[in-house]
Amino acid sequence: MDRKTLIGFLLMFLMIFGYLQWTSKNDAEIALEKRKQDSIANLNKPIVEPKQALTVADSIDKDTAKAILNNSPFINLVQDEKIVTLENDLMSIKLSNVGGSVKSVVLKKFKTYEKQALQLVGDDEMKMQYAFYSSKNELVKTGDLKFELISANAHQVVFALKTASGGEFRQIYTLKDGEYRVDYHVELKGMASDLGHNMTALAVNWKQSTHLQEKSVEIEQPLTTAYFHYTNDDFDKLNESSKDAEEEKPATPLRWVALKQKFFSTALLTSNEFTDAKINQELSKEKDGLKDFKIEFMLPVKDLNNSAYNMKLFFGPNNYNMLKSYDNGMEKLVTLSGGLFKWFGVKAINRFLIIPVFNFLNEFNLNFGLIILIIVIIIKLLLWPLNYRTFVSAAKTRLLKPEVDALRAKYKDDQAKLGMEQMKLNRKAGVNPLAGCLPQLLQLPVLVAMYYFFPSSIELRQQSFLWADDLSSYDSIINFGFKVWLLGDHLSLFTLLMTITTYASIYLNRNQNPMSDDPNMAMMKYMQYIFPIMFLGIFNNSPAALAYYYLLQNLTSIIQQWVIQKFFINEDKLRVEMQENMKRPEAKKTGFMARLEEAQRIQQQQAKNKKK
């Protein structure tokens with residue numbers, strides 16, 4: 001591409017990137033304020049009898065330890081903690097009878113960046129408890145009660161609390177082979193005489209801490225947040241980049257809540273709905289901690305003698321194809337587009353082009369570096385017609401340089417007249433100045449699609465290529481041991497090579513654009529050398545696969561330009577064609593060009609009037 005097109009593209013990309021960064025927080029704040037107003041509206045609902053219809057706040061904020069121990073309706077409380085294990089070919093889950101909750105989760109097919117067993121849920125990092133009022137109006141929380149272990153094997157565990165009247169509160173966990181989802185059932189059986197008679201909901205409190213699984217807390221922490229899916233199939237999330245405590249009170253009931261890290265998630269899903277939810281997150285204070293979450297919601301109770309809640313717990317990778325197969329919207333945990341780009345078809349390009357091609361090539365067990373190279377070549381071939389038009393337009397513009405220089409010398413003191421004469425010259429020669437820009441605009445969504453695809457692709461996790469030991473993380477060749485402006489604490493080699501090839505492309509195109517001699521374009525001439533340095537800082541923390549892709553993009557663009565100019569563009573033929581065009585009678589101007597020339601004519605006339 002010529003220099004003008006290259007600079008215009010880089011400027012446009014940087015402006016859009018900066019705009020997204022600036023507006024993302026504003027959008028989150030607007031959404032948060034809207035939900036706050038919705039929550040205020042909920043306060044106007046009729047107030048129910050206290051202690052009978054339990055609020056989530058009651059279940060969390062009160063100090064009820066004594067009430068739990070002395071006023072519990074349950075009679076089968078055991079003394080010792082018992083830990084049992086659910087296990088299949090994909091994961092191992094330890095369950096504790098204390099609260100009947102998950103104690104830890106290990107994913108067998110994955111390792112941490114340090115090559116240790118990947119413990120998605122660390123020991124005692126997760127606690128799920130229920131709160132309700134007894135028939136004596138005393139608050140009971142199950143989190144500290146020791147359940148009776150009714151049965152246990154590798155695929156199913158049953159915990160129960162029993163009452164003197166024969167009632168039971170059960171938690172049943174079932175894990176099938178080949179699944180990252182645990183069937184999780186909560187049952188109330190024959191408890192009408194033991195619980196508050198006006199009880200209409202069961203309060204749930206889920207607390208969980210997340211810890212580092214990848215290379216750097218600084219990289220993974222901003223990608224960790226809570227997602228929640230509404231019953232109307234919409235979804236939302238907390239502000240993942242915020243360093244402040246975040247809270248949401250969704251006004252619409254939820255289908256699921258997920259705690260998403262960069263490549264793994266923990267989620268709770270229901271076949272019914274979670275109502276009156278409140279979701280909190282804050283930065284962890286632990287050394288390798290990411291964020292701490294607290295989720296509260298209500299489960300409606302219709303019959304105290306026979307109520308069952310069918311839920312699922314998900315502990316697994318953010319694999320787009322797998323999550324998509326669940327048919328519940330969980331594929332939205334994989335970010336394929338964002339901000340303004342969702343209106344430019346970026347998500348569709350990833351869903352219907354990049355991901356299918358990537359999955360197809362992956363079936364051949366090729367190295368991922370080779371797969372990325374093949375994807376670059378495929379995209380270059382698909383976009384060949386657009387690139388060809390760009391180079392033809394650049395060649396025509398370059399051939400007009402002597403005429404443009406003559407006009408510039410003739411009208412050096414009248415820029416409006418110069419602009420009009422250049423337009424006439426272009427029109428007579430059959431040159432469309434926009435022909436080189438439009439193809440680049442059409443290619444922008446593909447480049448942006450890659451910007452979202454590679455950081456979200458778990459398939460690249462811990463896959464090595466050349467010197468990069470993990471294509472999903474940055475490939476540092478120098479670790480400074482301290483922070484360096486723009487770069488951080490390291491230097492990525494693929495990003496450095498990407499920057500070098502960008503400068504190489506600028507150098508090779510230095511004579512392609514006759515506008516580079518225009519004194520009015522002097523600022524843009526120097527800006528083209530600044531942008532690559534800015535991109536070096538932006539992409540230095542990006543996955544090696546992304547920087548490698550843009551490196552290949554630069555190299556193949558240089559090769560493609562040479563091939564097209566060498567074998568497909570005959571400048572002598574183009575010059576003859578342009579000269580023939582200039583000899584023809586000038587056609588009547590219509591459409592956009594006519595309006596543009598009329599606007600320039602008016603501008604020129606206004607300039608003359610001011611001089612008078």
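Rundown of residues vs (1) crowded, with 18+ Cβ neighbours inside 10 Å; (2) within 30 Å of Leu238 (Cβ to Cβ); (3) at pLDDT 95 or above; (4) β-branched (Val, Ile, Thr), yes/no style:
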{"residue": "Met330", "(1), (2), (3), (4)": "yes, yes, yes, no"}
{"residue": "Leu336", "(1), (2), (3), (4)": "yes, yes, no, no"}
{"residue": "Gly345", "(1), (2), (3), (4)": "no, yes, no, no"}
{"residue": "Leu370", "(1), (2), (3), (4)": "no, no, yes, no"}
{"residue": "Ile374", "(1), (2), (3), (4)": "no, no, yes, yes"}
{"residue": "Lys380", "(1), (2), (3), (4)": "no, no, no, no"}
{"residue": "Asn387", "(1), (2), (3), (4)": "yes, no, no, no"}
message: Of everything in the stretch 164-190, what is surrounded by fewer than 17 Cβ atoms within 10 Å (Cβ to Cβ), without any contact (Cβ under 8 Å) to a residue 40 or more places away in the chain and among the acidic types (Asp, Glu)? Give them in sequence order.
response: none
query: Any idea which residue in the stretch 538-572 is modelled with the lowest pLDDT, counting only those that are under 20 Å from Trp384 (Cβ atoms) and open to solvent by 80 Å² or more (accessible area, probe 1.4 Å)?
result: Asn570
query: Of all residues in the stretch 357-368, which are aliphatic (A, V, I, L, M) and open to solvent by 80 Å² or more (accessible area, probe 1.4 Å)?
result: none
task: Take the stretch 306-328 and flag every residue that is under 18 Å from Met91 (Cβ atoms) and open to solvent by 60 Å² or more (accessible area, probe 1.4 Å).
output: Lys312, Ser325
query: Inside the stretch 389-415, can you point out the residues that are open to solvent by 70 Å² or more (accessible area, probe 1.4 Å), basic (Lys, Arg) and more than 20 Å from Leu441 (Cβ to Cβ)?
result: Lys410, Lys412
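Just for the stretch 123-151: of the residues that are among the polar types (S, T, N, Q) and within 28 Å of Leu259 (Cα to Cα), which one is surrounded by the most Cβ atoms within 10 Å (Cβ to Cβ)?
Thr142
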- request: Please enumerate the residues belonging to the stretch 326-360 that are more than 17 Å from Tyr451 (Cβ to Cβ) and assigned to a loop (DSSP other than H, G, I, E, B).
  value: Tyr326, Asp327, Asn328, Gly329
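Filter the stretch 469-495 down to the residues that are open to solvent by less than 50 Å² (accessible area, probe 1.4 Å) and more than 27 Å from Asn365 (Cα to Cα) and list them by number. Reasoning before the result, please.
As a first pass, look at the stretch 469-495 and keep what is open to solvent by less than 50 Å² (accessible area, probe 1.4 Å): 470-476, 484, 487-488, 490-495.
Val484, Leu487, Gly488, His490, Leu491, listed by residue number.
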field: Leading residue by the ranking (most open to solvent (accessible area, probe 1.4 Å)) among those in the stretch 437-468 that are closer than 20 Å to Phe358 by Cα and outside any helix (DSSP H, G or I)
entry: Leu466
message: I'm checking my understanding of the structure. Among residues of the stretch 111-121 that are more than 27 Å from Leu202 (Cβ to Cβ) and either in contact (Cβ under 8 Å) with a residue 40 or more places away in the chain or part of a strand (DSSP E or B) (or both), which one is least open to solvent (accessible area, probe 1.4 Å)?
response: Leu118
message: Looking only at the stretch 192-208, filter to residues that are buried (at least 19 other Cβ atoms within 10 Å of the Cβ) and over 14 Å from Tyr309 (Cβ atoms); which one of those is nearest to the chain's Cα centre (by Cα)?
response: Gln208
task: State yes or no: is Val376 more than 25 Å from Trp467 (Cα to Cα) and of a type in the set (Val, Ile, Thr)?
output: no
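Which ones in the stretch 152-163 are of a type in the set (A, V, I, L, M, F, W, C) and exposed (fewer than 15 other Cβ atoms within 10 Å of the Cβ)? Steps first, please.
Start the filter on the stretch 152-163 by keeping residues that are of a type in the set (A, V, I, L, M, F, W, C), which leaves 152, 154, 157-161.
Ala154 - this is the single residue of the stretch 152-163 that is of a type in the set (A, V, I, L, M, F, W, C) and exposed (fewer than 15 other Cβ atoms within 10 Å of the Cβ).
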- request: Go through (1) of a type in the set (Ser, Thr, Tyr); (2) without any contact (Cβ under 8 Å) to a residue 60 or more places away in the chain; (3) not in a loop (DSSP other than H, G, I, E, B) one by one and return the number of the condition Tyr309 breaks.
  value: (2)
query: Can you tell me how many residues in the stretch 238-252 are at pLDDT 90 or above and either touching a Gly at 6+ places or on another chain (Cβ under 8 Å) or acidic (Asp, Glu) (or both)?
result: 4
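Quickly run through the stretch 209-241 and pick out the residues that are in contact with a Lys or Arg (Cβ under 6 Å, 6 or more places away or on another chain) and open to solvent by 30 Å² or more (accessible area, probe 1.4 Å). I'd like the intermediate steps shown before the answer.
Filtering the stretch 209-241 for residues in contact with a Lys or Arg (Cβ under 6 Å, 6 or more places away or on another chain) gives 210, 214, 220, 223-225, 227, 229, 231, 235.
Of everything in the stretch 209-241, those that are in contact with a Lys or Arg (Cβ under 6 Å, 6 or more places away or on another chain) and open to solvent by 30 Å² or more (accessible area, probe 1.4 Å) turn out to be Leu223, Thr231, Phe235.
Can you confirm whether Ser193 is in contact with a Ser or Thr (Cβ under 7 Å, 6 or more places away or on another chain), in contact (Cβ under 8 Å) with a residue 40 or more places away in the chain, in a loop (DSSP other than H, G, I, E, B) and among the small types (Gly, Ala, Ser)?
Details: in contact with a Ser or Thr (Cβ under 7 Å, 6 or more places away or on another chain): yes; in contact (Cβ under 8 Å) with a residue 40 or more places away in the chain: yes; in a loop (DSSP other than H, G, I, E, B): yes; among the small types (Gly, Ala, Ser): yes.
For Ser193, the condition - in contact with a Ser or Thr (Cβ under 7 Å, 6 or more places away or on another chain), in contact (Cβ under 8 Å) with a residue 40 or more places away in the chain, in a loop (DSSP other than H, G, I, E, B) and among the small types (Gly, Ala, Ser) - is met.
The values are calculated or read from the model by the stated rules, or taken from the named source; none is laboratory data. Every value quoted in this text rests on a predicted model; they were computed, and no experiment measured them. Backbone-built Cβ (ideal geometry, glycine too); neighbour counts: all protein chains shown. For accessibility, only protein heavy atoms count, side chains too; no ligands or nucleic acids. Shrake-Rupley method; radii C 1.70, N 1.55, O 1.52, S 1.80 Å.
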